[in-house]
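Just so it is clear, none of the values below were taken in a lab; they were calculated from the coordinates. Because the structure is predicted, anything quoted here is derived from the model rather than measured. Here Cβ is always computed from backbone atoms with ideal geometry, including for glycine, and neighbour counts include all displayed protein chains.
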Ligand SMILES: Cc1ncc(COP(=O)(O)O)c(C=O)c1O
């Protein structure tokens with residue numbers, strides 16, 4: 001243990017991962033693990049990709065850094081052009097940051113500036129959802145609604161409103177789809193009206209809630225309704241695709257499953273497949289038109305914005321995603337994965353299996369009929385994590401699933417390059433983990 005590194009746990013030593021290859025990582029002792037979490041939804045192309053190491057080295061020797069406040073650079077121009085092709089129309093403009101939180105922070109500021117351009121300075125507040133996560137900075141944590149992550153900083157957070165999540169397994173309105181009139185979306189209209197539409201700049205939501213919800217998928221009508229409500233009140237819709245972007249769910253972007261186009265997409269993780277810190281804010285033509293016909297200025301930058309090293313990697317990742325048809329593969333492997341996961345409903349503690357493509361969530365319950373979560377003290381998600389590691393499998397466990405406080409789930413989001421045989425192996429390993437977990441409950 002270094003004794004000098006600040007990590008989320010400074011008492012217990014983390015397992016030190018030393019190297020990776022394909023979808024596998026190896027610890028210092030040489031033990032092999034299947035990384036079914038892809039780091040944390042990051043390693044889309046897998047480990048030890050020479051193409052990515054090569055472009056990094058080449059870019060480092062060409063020009064590793066350019067100050068984006070004052071100069072342009074080719075890799076960031078190229079990546080912005082590629083993303084304009086890859087993202088739905090009319091999302092054609094990109095700002096590059098170093099990760100998801102920075103990209104979301106950029107979205108909030110640029111949404112605000114959009115309304116300044118349009119002479120609506122009061123539109124400066126944001127609506128998020130409970131049981132959501134949008135980043136670890138103060139503003140992104142404020143729009144996020146994960147109680148546990150908000151708790152230590154609660155007094156520092158901005159007092160923005162939240163609506164209940166689109167969480168059919170435990171409907172916050174006590175209703176069941178399709179006899180619910182999509183109350184979770186209707187709640188947005190009520191909140192906008194209560195707050196005063198003239199004060200609300202944007203609504204922020206993940207198309208499929210990843211870590212904070214355990215891959216919760218809303219009803220098909222949810223986002224079309226959200227879009228209608230946002231349009232009615234001149235409120236922007238910001239889709240957080242930090243996890244769901246770049247093919248993870250079997251479409252280029254997760255929101256495409258719902259036939260809706262957001263005004264902004266915030267994305268990161270898979271965009272660089274972990275070979276450089278990178279996030280992107282993708283903005284629509286109409287939003288940028290307000291800047292073009294307005295001041296012509298966007299008042300926002302970071303020292304590492306549009307970094308040539310990171311953007312060059314992003315370009316190569318996108319080229320490989322397209323060349324290797326990884327979006328289509330994620331859809332196909334996802335079908336295989338979900339077909340296998342369905343069998344795990346036979347375990348009495350598997351309450352819900354959900355998600356899309358290669359983003360799968362399994363919610364664990366003590367009593368399946370009553371959907372009773374495990375008591376907090378039982379540490380169900382930590383137990384799954386430990387058993388999985390012991391079986392040589394890395395999953396992404398999470399808590400607070402049921403109400404932000406209690407409830408347990410784990411996510412599977414393996415690299416998009418996972419093969420058919422490897423999905424079968426993943427299911428075999430997971431079956432062992434669940435069988436061992438069953439002996440503890
Ligand atoms: C949905 C979502 N938004 C935002 C973020 C923040 O991204 P980052 O950790 O790269 O700052 C995350 C990170 O896990 C995320 O899952």
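Multiply the residue gap between residue 199 and residue 58 by 0.36 nm, knock off their C-alpha separation, and tell me the result in nm, one decimal place.
Details: separation 141, 0.36 × 141 = 50.76 nm, distance 4.78 nm.
Full extension of this stretch gives 46.0 nm more.
How large is Rg over Rh for the range 51-323, taking Rg from the Cα atoms and Rh as the Kirkwood inverse mean of 1/r across Cα pairs? Write down the numbers at each step before the final one.
On the way: Rg = 18.3 Å, Rh = 18.9 Å.
A ratio of 0.97.
State the percent of C-alpha pairs, over all pairs in the range 131-183, separated by a distance greater than 16 angstrom.
Working: 635 of 1378 pairs.
Value for the range 131-183: 46 percent of Cα pairs lie more than 16 Å apart.
Just from the alpha-carbon atoms, what are the Rg and Dmax of the range 222-286 in angstroms?
Rg and Dmax of the range 222-286, Cα atoms, are 12.6, 41 Å.
Any idea how far apart residue 328 and residue 29 come out in nm if each label point goes 7 Å out from Cα toward Cβ?
With each label point 7 Å from Cα toward Cβ, the separation is 4.3 nm.
Which peptide among 285-298, 227-240, 247-260 comes first, and what is the full order, when sorted by highest mean count of other Cβ atoms within 10 Å? Spell out each step's value before the answer.
Working: 285-298: 13.6, 227-240: 21.3, 247-260: 23.3.
Sorting 285-298, 227-240, 247-260 by mean packing, highest first, produces 247-260, 227-240, 285-298.
Roughly speaking, what is the stretch gain from residue 16 to residue 124, that is 0.36 nm per residue apart minus the C-alpha to C-alpha distance, in nm to one decimal?
Values: separation 108, 0.36 × 108 = 38.88 nm, distance 4.33 nm.
Fully extending the segment from residue 16 to residue 124 adds 34.6 nm.
Please compute the Kirkwood hydrodynamic radius of the range 201-349 from all pairs of different C-alpha atoms, in Å with one decimal.
On the way: mean 1/r = 0.0578 Å⁻¹.
So the Kirkwood estimate lands at 17.3 Å.
Would you give the gap between the C-alpha center of the range 100-135 and the C-alpha center of the range 1-46, rounded to a whole Å?
Cα centroid of the range 100-135 versus Cα centroid of the range 1-46: 33 Å apart.
Could you put 406, 158 in order, starting from the residue whose Cβ has the fewest other Cβ atoms within 10 Å?
Numbers: 406 16, 158 12.
With the fewest neighbours first, 406, 158 line up as 158, 406.
Give me the percent relative contact order of the range 132-234, please, defined on Cα pairs under 8 angstrom at least 6 residues apart.
Values: 103 pairs, mean separation 27.2, N = 103.
The value is 26 percent.
Please tell me the relative contact order of the chain in percent, rounded to the nearest whole number, where contacts are Cα pairs under 8 Å and at least six residues apart.
Details: 923 pairs, mean separation 96.7, N = 441.
Dividing the mean separation by the residue count of the chain yields 22 percent.
What percentage of all Cα-Cα pairs in the range 1-156 are separated by more than 21 Å?
Values: 8249 of 12090 pairs.
For the range 1-156, the fraction of Cα-Cα distances above 21 Å is 68 percent.
What nm value, rounded to one decimal, do you get for the distance between residue 289 and residue 109 when each label is placed 7 Å out toward the C-beta?
For residue 289 paired with residue 109, the spin-label model returns 2.6 nm.
Residue 431 versus residue 147, label points 7 Å from Cα toward the beta carbon: distance in nm?
3.7 nm
Rounded to the nearest 5, what % of DSSP beta bridges with both residues in the chain are antiparallel?
Numbers: 35 of 50 bridges.
Roughly 70 percent of the DSSP beta bridges within the chain come out antiparallel.
Report the extension gain between residue 156 and residue 297 in nm, rounded to one decimal, defined as 0.36 nm multiplied by the number of residues separating them, less their alpha carbon distance. Present the calculation step by step, with values, prior to reporting the outcome.
Values: separation 141, 0.36 × 141 = 50.76 nm, distance 2.99 nm.
Working it through step by step, the gained length comes to 47.8 nm.
If we sort 44-52, 107-115 on the protection proxy, mean other Cβ atoms within 10 Å, highest first, what's the order?
Result, highest mean Cβ count within 10 Å first: 107-115, 44-52.
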